[in-house]
Amino acid sequence: MLPNGKMSKILVVDDEEANVRLLAMSLRSDGHEVLTALSGEQGLETFKKDNPDLVITDIKMPGMDGIEVLKQIKQLDSNTEVIIITGHGDIDNAIEALKFGASDFINKPIRDEVLTVSIKRAEEKIYIKRQLQEHTDNLERRVQQATREITRQSNFLSKLIRSSHEGIIATGQDLKIVIYNPGAQRIFGYLHDEVLNQRKITELLEPELLSFLEQKKPSSGNEQNRKEACVYDKNRELIPVRFYGTPLFEKKEKIGTVCFFQDLREIKRLESELVQNERLAAIGQTVAGVAHGVKNILHGFKGGSYLLNLGLEKNEKGKLRQGWDMIQRNIQRTSELVLDLLSFSKERDPQKQSCQPNTIVVDVCEVMKDLAAKNRIELTTDLDPAIGFTIVDPHSLHQCLANLISNAIDACLFDENVSKKWCVHVKTERVDEQIIRFSVSDTGMGMSPEVKKKLFSSFFSTKGHRGTGLGLLVTRKLIKEHDGSITVDSEQKKGTTFTIELPFCEQVQSADSQSESEDL
Amino acid sequence: MTKKVLVVDDDPDVRLFSTAVIEENGFNPIEAENGEEGMQLLKLEKPDLVILDVLMPRESGVRMFRQIKTNPKFAKIPVIILSGITKKSFLRSQKALTEFGGAEVPEPENYLEKPVEPEELAAAIKSALS
């Protein structure tokens, strides 16, 4: 029986018809399907037509003999098993047949047990061969499948690399460029063919960036391998890029390098355009704001000189005094506006030094005390002793606090509700290791949401002639210079709280002063 | 009877300037510091002319102008705006308020942008009162 469970199909070839019939009968009775042929030539014909699994052929036949049948069948299908029937003692021919690939030989007269064993052996061979064939086919199929998959993946990868907007350049171990995508071409300007397998990456990059490719360990896309840098293109022009580069490793062995370049030209252009636009807008706003301030002051000067003239014409001392005072007040307003403008527009680094914020608060309150008292406003402080010393620009801090406290007093002055008890409260607080907080609260008029929105925009003032509109703008600028923040919380008719948070950095103490403070 | 001119401005220097010009030209000045005070005086004193600033604390000239021009009792009183704000911005804010559901208001009788010459102010006052 064959491995597929079927009985095998057997072709019997012999020139003696009686032998053929006898053998066929015996085989059929065992359940095999039997084909017969009375000559070698006829055997081959039947073989080609019906493709039996097994051939049993007599060796001695007129015309084409058994050996020839064997040879030709083996040529047609090497998997077919052929059993040769030899005459008694014809050992030489039997050996010859085995050489040509016969699976077995049987001596005449054929004994049924011998035939059965021989067929069984041939069937086993067929079985093994088919198994092998199947296995090989399977393997081939798998290899084909894998090849297709690899081709697909490699196409996918190369498309991916090609269509990436980022420039990608990869090299082998010898640093010769093997991948150079259109993105890289856009940045470097060299054509694909000018570079591929021609140039080394070392010809394209400066040593600073090449150092990324010389690392000893594989990196996993961490930040240290990224850098904003400039590369030279073909025409020696500097192109700004965000660079990421790393050596490639396989099992700890370096196999090449890869670099990614993000073209920053467009971003840089937009950035500078934006900065330029903002600057122009700021200049526009500033000019408009300054013009408004100057117009009011000029009006004051005109009024002053009108009154002076009247006084002179009519010889009235009262008018002279009024006119002169008006001119002096407007001189004062001019200098205030100019000073505010200066500190707003000056690009200066804060003069940071170690100082005590609480002392500055006390100083500012001392200056504001009289103004507050005159207007029935209670000015109180709550200072956190944990603050001690910190590094700030004392002048900036003074200016900011003076600004906020004077705003708070104004918020009370402008309050319509005269029955209210007005307070301005200044509080300092060490929030944690990193932050100190100043808050200035008042119980004044508060702000509408619209006013709150415009609070930090240039020249916005609700104080009419009293404000230059620059106070909070200057305050915010100074706080920004200290990497701090300023926020506001306000409720109409209830009051307002401004909060400044500054980074707390303690005095850099020498070893001596440290031990001193420990002794204390 | 001497005609009354109401000056509304939060800046005392501006009030002083305007009242001096008004007196010199033979009229009777009265003063208010903001729109709210201005409206009270308007009702009490029934002036013949209002010289009004725009940017003032508490109640601005924008609102006071609307109150004058939308009240039939006062709508006929001429108003001269005297401000550092341009006429364009003033009209724009009036237009915005109208669109926001307010009543239509006419343009002010005269608009002077600070700084003004005393002669210019005097001419505007005289022309408004004639």
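A few notes on this one:
- Checking each residue in the stretch A:158-203 for being hydrophobic (A, V, I, L, M, F, W, C) and assigned to a strand (DSSP E or B) picks out A:ILE168, A:ILE169, A:ALA170, A:ILE177, A:VAL178, A:ILE179.
- Qualifying residues in the stretch A:294-315 (those that are more than 8 Å from every other protein chain (Cβ to nearest Cβ) and within 60 Å of the chain's Cα centre (by Cα)) - the one surrounded by the most Cβ atoms within 10 Å (Cβ to Cβ): A:ILE297
- Test result for A:VAL275, open to solvent by 60 Å² or more (accessible area, probe 1.4 Å), within 14 Å of chain B (Cβ to nearest Cβ) and modelled with pLDDT under 90: no
- Boolean, A:PHE261 is surrounded by 12 or more Cβ atoms within 10 Å (Cβ to Cβ), in contact with a helix residue (DSSP H, G or I) (Cβ under 7 Å, 6 or more places away or on another chain) and in contact (Cβ under 8 Å) with a residue 60 or more places away in the chain: yes
- Helices (runs of 4 or more DSSP H) wholly inside the stretch A:297-416 that include at least 1 residues being touching a residue at least 12 places away in the same chain (Cβ under 8 Å) and under 25 Å from B:GLY84 (Cβ atoms): A:317-345, A:394-413
- Selected residue [open to solvent by less than 10 Å² (accessible area, probe 1.4 Å), more than 8 Å from chain A (Cβ to nearest Cβ) and closer than 22 Å to B:ALA123 by Cα] from B:VAL14, B:VAL21, B:VAL7: B:VAL7
- Qualifying residue in the stretch A:143-155 (condition: part of a loop (DSSP other than H, G, I, E, B) and either under 21 Å from A:LEU248 (Cα atoms) or within 21 Å of the chain's Cα centre (by Cα) (or both)): no
- Residue that is surrounded by the most Cβ atoms within 10 Å (Cβ to Cβ) [pool: residues in the stretch B:97-116 that are within 12 Å of chain A (Cβ to nearest Cβ) and farther than 22 Å from B:ASN28 by Cβ]: B:LYS114
- Looking only at the stretch A:104-129, and only at residues there that are open to solvent by less than 30 Å² (accessible area, probe 1.4 Å) and among the hydrophobic types (A, V, I, L, M, F, W, C), the one that is farthest from A:ILE73 (Cα to Cα): A:LEU115
- Complete set of residues in the stretch A:384-397 that are open to solvent by 70 Å² or more (accessible area, probe 1.4 Å) and at pLDDT 85 or above: A:PRO385, A:PHE389
- Set A:THR428, A:THR381: member being modelled with pLDDT of 90 or more, open to solvent by 20 Å² or more (accessible area, probe 1.4 Å) and within 21 Å of A:ASP489 (Cβ to Cβ): A:THR381
- Selection status of B:SER83, more than 12 Å from the chain's Cα centre (by Cα) and either closer than 30 Å to A:MET447 by Cα or within 12 Å of chain A (Cβ to nearest Cβ) (or both): no
- Residue in the stretch A:319-331 that is modelled with the lowest pLDDT, counting only those that are within 11 Å of chain B (Cβ to nearest Cβ) and open to solvent by 40 Å² or more (accessible area, probe 1.4 Å): A:ARG329
- Every residue from the stretch A:75-103 that is among the acidic types (Asp, Glu) and crowded, with 20+ Cβ neighbours inside 10 Å: A:GLU81
- Looking across the stretch B:46-69, the residues that are open to solvent by 50 Å² or more (accessible area, probe 1.4 Å) and free of Cβ contacts under 8 Å to residues at least 60 places away in the same chain come down to B:LYS46, B:LEU55, B:ARG58, B:ARG63, B:GLN67.
- Some residue of the stretch B:92-103 being under 12 Å from the mean Cα position of the chain (by Cα) and modelled with pLDDT under 95: no
- Residue selected from the stretch B:34-45 under the condition open to solvent by 10 Å² or more (accessible area, probe 1.4 Å) and more than 9 Å from every other protein chain (Cβ to nearest Cβ), by the criterion nearest to B:LEU129 (Cα to Cα): B:GLU45
- Considering each residue of the stretch A:435-453 in turn, at least one proves to be open to solvent by less than 40 Å² (accessible area, probe 1.4 Å), part of a loop (DSSP other than H, G, I, E, B), under 22 Å from A:LEU478 (Cβ atoms) and not charged (D, E, K, R).
- Residue count for the stretch B:117-130, restricted to those that are in contact with a Pro (Cβ under 8 Å, 6 or more places away or on another chain) and either within 12 Å of another protein chain (Cβ to nearest Cβ) or under 16 Å from B:LYS69 (Cβ atoms) (or both): 1
- Test: A:LEU132 is free of Cβ contacts under 8 Å to residues at least 24 places away in the same chain, closer than 30 Å to A:PHE243 by Cα and open to solvent by 90 Å² or more (accessible area, probe 1.4 Å): no
- Tabulated pairs, the stretch A:67-78, first within 9 Å of A:GLY40 (Cα to Cα), second outside any helix (DSSP H, G or I) and open to solvent by less than 20 Å² (accessible area, probe 1.4 Å), C-beta under 7 angstrom, 6+ apart or interchain: A:VAL69/A:VAL13; A:VAL69/A:THR57
The values are calculated or read from the model by the stated rules, or taken from the named source; none is laboratory data. Everything quoted here is computed from the prediction, not taken from an experiment. Every residue, glycine as well, gets a Cβ built from its backbone with ideal geometry; the counts of neighbours run over all protein chains shown. Areas reflect the complete protein model, heavy atoms only, side chains present, ligands, DNA and RNA absent. Shrake-Rupley method; radii C 1.70, N 1.55, O 1.52, S 1.80 Å.
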